Structure formats: structure tokens, C-alpha cells
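Here's the structure we're looking at; comments come further down.
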Amino acid sequence: MPVPPASQVTVRAPAKINLGLAVGAPRPDGFHPLATVYQAVALYDDVTAVSREDGEITVEVLGDFAAEVPADDTNLAARAARLLQTEYDVEAGVELTIRKTIPVAGGMAGGSTDAAATLVACNRLWGLQLTSADLERHAAVLGSDVPFCLVGHTALGRGRGEQVTEVMSRGTFHWVFAIADGGLSTPKVYGELDRLRPLRRVEPPEVDPELLSALLTGEPAALAPVLSNDLQAAALSLRPKLGETLQFGLERGALAAMVSGSGPTCLFLAPDSRRAVDLAVDLADSGLCRMVRQAEGPVPGARIIPGPAR
């Protein structure tokens, strides 16, 4: 049965981490081919979409990182709304309110997840009746991580990351995130990676089969040794102090420590929820990072939630 348009929709969408990130040599179009295993974690942004009759698209950003997010047409959520509005000749506009808890420019797809949430919200708001496949196709136009933020859970990403296939994962993993002061530009991190390694020797990227096997066990101790990130060396080259944060977490009981995506957020795999709390407290007291967050994974992708975000 068709779902009628709504006057207001709130969508909650998760942050992503890369459990394995293999990066190939740059393609002629400038993008790097990737083979990655994504996991969605329970650190969320909420996007509330309210219909406007004047056709305008506006953005308001609230929360921990609001000052660092543009509230104009360059915002990825605004671009997502504009894409659907243009593609389907929608006369209505939308007022977007983004409540952020995901770090900005932190390697956790904060902007991408806002775009994914906006696609889901505007699809419902405007009664477009788009399928999941339709939304994923539009998401790929917006950015490499946006399709995964729609899907969530644990998934394999190929191409530039936009070709997403869900993979099996058992159990729940407990993560701690040390959020650094300031962001790192993703293009600069990729550029530094290219500078650091001889491109003629770069093999096509592949996902480690041992990583996929470890996910099936559901055991943190099995997952820890097979986490990997080809961008970590570049992120550490640009921000050497991150190495101190990684080492501190390992000394305080983390099973593994790694830069998240292009950084500068550092992620730590804890053995269980209790020790995740202990690690978070130690990191918060260390003075090495701006703030600390905890989250479990995997969790679903962008989902409509009842009523406005709170």
C-alpha cells in the first residue's frame, strides 16, 4: 500500500568504522579503488526533515560539533535533499535540522550519514516511494560512504567504497573512540599515502579473508589482530601525536588500536563493555584527545524513528 507524504520525519543514522581498509593506486578519475569492511556503530546523528511549501532547502545544525558543519548548500545533507527534489520534480522544500554526535572530519562518515538520513527522510516526507536500491543509487552519487550508511550492519565495500554488500558477523563488539582536536582532510590523507609509497608497486586492493572469518566468530580476541587501515601511516605522518593516543589505549587494555578511516579519530577494540568503560575513563583523563565516546557495533543503517529527535 502506498505510504502518503508526511509533514515531519526524523531519521537516525549511525557512524561507520572501517575494520579493514585496503587502498589501491589512484585511478584516472582521481579516486582510489578500495576494498573495505565497514561496520556501523551506535554513535548517531539525527536528521529531522519538515516540509516547506516554498520549495526552499534550509539546514540547521545542533550538537557537539555544530560550529564545524556548514549550514548552506555545501552541506551534504542539503545536497541530498536537492538531488531528490531535482530528480523527481518535487515542488515542496524541506527544513533540515541535524543533531550531531558523530565527529566532523573524523573518519567516521559524519557527513555521509547525514546525507543518508536525509535521503530516507525526504523519500518519506515527499511520498516518493523509492526502493532501497533507488536510494542506494542516489547515495553513490553523493559520496563513497553514503550507500553504506543506508545499509549499516557490517558490509564489504568495493569500487571507491560505494559498492556495498552485507557480510555475516556474529556477536557485538565494544568500541571506544578518542576524538582529536581538529579534523584531517580526507584528500590530504590520500595524497600523503601516495607520497609515502611507490605507486608502481601498489597491488589491487583485497579484503583479508581472515578478517571475514574473525567476524563470524564474534570474538573480539579473534578480530583484534586482523584489523587494518592502509591510511593509518599517512594520517600519522600528518598528525604524529595520534601515535601517542594509540599507544596509550593499548597500554590501558585495548585489544587493538587503529586510526579510524582517514582520521584523526582513533578507535580501540575493548574485550567487553566493562573494560570499554574503564578504557574510556582513562582516555578522557589522559589529555590526549578532545573527547571520548563509546559505542557497540554492528547496528542497522539509517532508520525512521517516531517523533522529532530529542
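Taking every DSSP beta bridge that has both ends in the chain, the antiparallel portion is near 85%. Inter-part distance, segment 202-261 to segment 1-65, computed on C-alpha centroids, equals 24 Å. Exposure here means at most 16 other Cβ atoms within 10 Å; with chymotrypsin sites (Phe, Trp or Tyr not before Pro) in a DSSP loop as sites, the longest stretch of the chain lacking them is 89-310.
Comparing 101, 217, 48, which has the greatest mean-square fluctuation in the GNM of the chain with Cα pairs linked when under 10 Å apart? Maximum among the listed residues: 217.
The loop-placed GluC sites (Glu not before Pro) in segment 129-215, going by DSSP, that have at most 15 neighbouring Cβ atoms within 10 Å of their Cβ come out as 206.
Summing Lys and Arg as +1 and Asp and Glu as -1 over all other residues whose Cβ lies under 11 Å from the Cβ of residue 253 gives a net charge of -1. Applying the Kirkwood pairwise sum to the alpha-carbon positions of segment 155-215 produces a hydrodynamic radius of 15.1 angstrom.
Note on residue 100: aspartates and glutamates with a C-alpha under 15 Å away, same-chain residues under 8 apart excluded, are 45, 46, 60, 64, 68, 114. For segment 194-243, applying the loop criterion from DSSP together with a ceiling of 13 other beta carbons within 10 Å to the trypsin sites (Lys or Arg not before Pro) yields 241.
Counting every alpha-carbon pair across segment 1-142, the share separated by more than 26 Å comes to 26%. For segment 1-90, GluC sites (Glu not before Pro) are listed when DSSP marks them as loop and at most 11 other Cβ atoms sit within 10 Å of their Cβ; the list is 53, 56.
Per residue, the convex hull spanned by the Cα atoms of segment 80-176 measures out at 118 cubic angstrom. Counting every alpha-carbon pair across segment 154-262, the share separated by more than 17 Å comes to 63%. Among the lysines, which have Cα under 22 Å from the Cα of residue 241 when same-chain residues fewer than 8 positions away are ignored? Cα-Cα hits under 22 Å: 188. A Förster distance of 51 Å, applied to the separation of the beta-carbon atoms of residue 74 and residue 213, puts the FRET efficiency at 0.75.
Quick note: the coordinates plus some simple rules give every number you see, no bench work behind them. It should be emphasised that the depicted structure is a prediction, and the values quoted were computed from it without experimental measurement. Note that we place each Cβ from the backbone using ideal geometry, even for glycine, and neighbour counts take in every protein chain shown.
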